[in-house]
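Student: Supplied in structure tokens, the structure appears directly below.
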Amino acid sequence: MKTEEKLLLRALRGETLPVPPIWMMRQAGRYLPEYKATRAEAGDFLSLCYNPDLATEVTLQPIRRYGFDAAILFADILLVPQALGADLWFVTGEGPRLSTIQTAKDFGKLGPAEDIHETLSPIYQTVKNLRESLPPEVPLIGFAGAPWTVATYMIAGRGTPDQGPALALMAENPALFEKLMDRITEATIHYLSRQVEAGAEVVKLFDSWAGSLEGLAYAKYCTRPTAKIVSRLRERWPDLPIIGFPRGATPDGYAAYAKHTGVDGLAIGGEMDTDWAVKNLQPEVCIQGNLDQALLVEGGPKLISETKRIVSAFSGGPHIFNLGHGITPDADPNNVQRMIDAVREG
Ligand code: CP3
């Protein structure tokens with residue numbers, strides 16, 4: 001099948017389609033019984049990420065069950081810090097933990113950006129497996145965390161409600177902060193390049209904590225590193241479709257991101273006003289989003305009416321149907337099917 005027939009790629013190239021392609025953030029995840037079974041077989045989350053056969057299997061599970069229009073590589077944004085030499089582990093029920101970067105000495109323990117590939121080679125193998133096993137009409141999305149979001153975890157050693165430790169390092173030791181940002185940026189370019197070489201057809205940058213950057217800091221540490229990653233990838237792959245997700249950014253922040261980073265697709269959270277996005281963002285880029293993921297827990301008429309409202313609002317331009325953030329473990333798998341039917345019924 002010709003790539004032009006893949007709906008997701010057509011939307012990202014700017015086409016307005018009669019029915020938007022659909023996929024979901026965290027579509028391979030704990031709301032699915034088959035995911036939980038494979039994760040148990042792997043032992044733990046990181047072992048699952050680094051096992052190409054099992055990571056391929058969990059990536060395919062939501063495609064088989066629902067026929068989504070795109071698959072997203074099963075991995076995690078925190079594998080890059082681990083490949084740079086940070087310790088990484090997951091505490092059940094709490095989330096990720098990493099060794100912290102607070103001083104020049106901590107930074108000195110990290111390896112060079114180009115040395116990440118040995119640790120990450122199982123991920124590239126998963127990408128290769130997926131390109132062989134995905135149905136021909138389903139493109140594969142590779143991904144990485146954007147530098148700011150990855151830095152927040154590396155500095156604090158965990159997720160934080162307000163990214164306080166990273167903002168403090170930025171204020172107190174800007175030289176060290178920038179060195180860390182540059183190292184992550186370079187590693188991300190290496191990592192995404194290998195994913196594309198292995199067969200990823202689209203890449204997505206997750207800047208989940210973009211919302212805690214304000215003003216000049218947002219321009220310096222969200223849009224600028226993103227623009228750098230995009231332009232370096234485009235030097236090698238001029239037509240590579242790229243989706244960016246500056247989650248929680250202000251409307252102006254989103255508009256600047258659409259204008260200055262060079263992304264083709266912009267993922268918007270559930271908090272973003274749909275009509276504002278239609279008017280101010282969709283003329284520049286393909287919009288992805290923005291159904292509130294909580295509706296997949298609740299279900300009922302609101303799930304259907306909200307789904308249809310979003311499809312209809314974005315129907316005049318390029319749109320990829322998705323959630324505002326990842327699906328949660330307590331979501332009902334039947335509600336996912338109801339949402340898909342509501343999108344595809346028109
Ligand atoms: O979307 C997908 O299905 C692809 C795989 C994927 C995962 N994480 C798998 C995962 C992707 C794209 C990510 C991105 C990611 N990871 C982000 C950015 C997107 C976002 O959610 O804002 C962030 C911030 C992380 C870091 C991370 N990984 C956290 C904070 C957690 C713990 C929270 C939680 O949900 O448990 C993870 C774990 C994680 N990553 C899980 C999955 C399926 C759950 C692990 C499990 O099975 O226990």
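Student: Do we find that residue 342 is on the phi < 0 side of the Ramachandran plot and open to solvent by less than 30 Å² (accessible area, probe 1.4 Å) in this structure?
Tutor: yes
Student: Among the residues of the stretch 84-110, write down those that are more than 28 Å from residue 43 (Cα to Cα) and either open to solvent by less than 50 Å² (accessible area, probe 1.4 Å) or part of a strand (DSSP E or B) (or both).
Tutor: The answer is 101, 106, 107.
Student: Hey, can you tell me all the residues within the stretch 58-83 that are more than 10 Å from the ligand (Cβ to nearest atom), open to solvent by less than 20 Å² (accessible area, probe 1.4 Å) and small (Gly, Ala, Ser)?
Tutor: Across the stretch 58-83, the qualifying residues are 70, 83.
Student: Still on this structure, please answer the following. Quick test of your reading of the structure: residue 151 fulfils all but one of (1) surrounded by fewer than 19 Cβ atoms within 10 Å (Cβ to Cβ); (2) within 13 Å of the ligand (Cβ to nearest atom). Name the failing condition by number.
Tutor: Status for residue 151: all satisfied but (1).
Student: Looking only at the stretch 297-339, which residues are among the acidic types (Asp, Glu) and open to solvent by less than 70 Å² (accessible area, probe 1.4 Å)?
Tutor: Within the stretch 297-339, 306, 332 qualify.
Student: Restricted to the stretch 16-37, and to residues that are part of a helix (DSSP H, G or I) and surrounded by fewer than 16 Cβ atoms within 10 Å (Cβ to Cβ), which residue is nearest to the chain's Cα centre (by Cα)?
Tutor: Checking each candidate, the answer is 36.
Student: Does residue 244 satisfy the condition of being part of a helix (DSSP H, G or I) and closer than 16 Å to residue 269 by Cβ? Let's see the steps before the verdict.
Tutor: Values: part of a helix (DSSP H, G or I): no; closer than 16 Å to residue 269 by Cβ: yes.
Taking the combined requirement at face value, the residue does not satisfy it.
Student: Any residue at all in the stretch 131-147 that is crowded, with 21+ Cβ neighbours inside 10 Å, more than 12 Å from the ligand (Cβ to nearest atom) and over 30 Å from residue 7 (Cβ atoms)?
Tutor: Yes, because at least one residue in the stretch 131-147 is crowded, with 21+ Cβ neighbours inside 10 Å, more than 12 Å from the ligand (Cβ to nearest atom) and over 30 Å from residue 7 (Cβ atoms).
Student: Determine, yes or no, whether residue 26 is closer than 19 Å to residue 89 by Cβ and of a type in the set (Lys, Arg).
Tutor: Against the criterion (closer than 19 Å to residue 89 by Cβ and of a type in the set (Lys, Arg)), residue 26 does not qualify.
Student: Which residue out of 203, 196 is within 22 Å of residue 257 (Cβ to Cβ), within 13 Å of the ligand (Cβ to nearest atom) and of a type in the set (A, V, I, L, M)?
Tutor: Being within 22 Å of residue 257 (Cβ to Cβ), within 13 Å of the ligand (Cβ to nearest atom) and of a type in the set (A, V, I, L, M) holds for just one of 203, 196, which is 203.
Student: Further, regarding this structure: Being touching a Gly at 6+ places or on another chain (Cβ under 9 Å) and within 27 Å of residue 134 (Cβ to Cβ) narrows it down to one residue among 241, 283; which is it?
Tutor: 241
Student: Only one of 55, 40 is open to solvent by 60 Å² or more (accessible area, probe 1.4 Å), modelled with pLDDT of 95 or more and within 14 Å of the ligand (Cβ to nearest atom); which?
Tutor: It is 40.
Student: Select, from 248, 289, the only residue that is modelled with pLDDT under 95 and crowded, with 17+ Cβ neighbours inside 10 Å.
Tutor: One residue alone meets the criteria, 289.
Student: I'd like the full set of residues that are outside any helix (DSSP H, G or I) and acidic (Asp, Glu), limited to the stretch 111-141.
Tutor: 137
Student: Being of a type in the set (Asp, Glu) and in contact with a Ser or Thr (Cβ under 8 Å, 6 or more places away or on another chain) is the filter here, so list the residues in the stretch 201-244 that pass it.
Tutor: If the condition is that a residue be of a type in the set (Asp, Glu) and in contact with a Ser or Thr (Cβ under 8 Å, 6 or more places away or on another chain), then 201, 207 are the ones that fit.
Student: Okay, moving on. Looking only at the stretch 232-245, filter to residues that are away from the ligand (no atom under 16 Å from the Cβ) and open to solvent by less than 40 Å² (accessible area, probe 1.4 Å); which one of those is farthest from residue 141 (Cα to Cα)?
Tutor: Across the stretch 232-245, the extreme among qualifying residues is 233.
Student: Next question, about the same structure. Within the stretch 303-346, can you find the residues that are in a loop (DSSP other than H, G, I, E, B) and more than 16 Å from the ligand (Cβ to nearest atom)?
Tutor: 314, 315, 316, 317, 318, 332, 346 - these are the residues of the stretch 303-346 that are in a loop (DSSP other than H, G, I, E, B) and more than 16 Å from the ligand (Cβ to nearest atom).
Student: Checking the conditions here, which among 11, 28 is modelled with pLDDT of 95 or more, away from the ligand (no atom under 16 Å from the Cβ), of a type outside the set (Ser, Thr, Tyr) and touching a strand residue (DSSP E or B) at 6+ places or on another chain (Cβ under 8 Å)?
Tutor: Being modelled with pLDDT of 95 or more, away from the ligand (no atom under 16 Å from the Cβ), of a type outside the set (Ser, Thr, Tyr) and touching a strand residue (DSSP E or B) at 6+ places or on another chain (Cβ under 8 Å) holds for just one of 11, 28, which is 11.
The values are calculated or read from the model by the stated rules, or taken from the named source; none is laboratory data. As the structure is a computational prediction, the values presented were derived from the model and not from experiment. Cβ sites come from the backbone with ideal geometry, for glycine too, and all protein chains shown count toward neighbours. We work out accessible area using only protein heavy atoms, side chains counted, and drop any ligands, DNA or RNA first. Shrake-Rupley method; radii C 1.70, N 1.55, O 1.52, S 1.80 Å.
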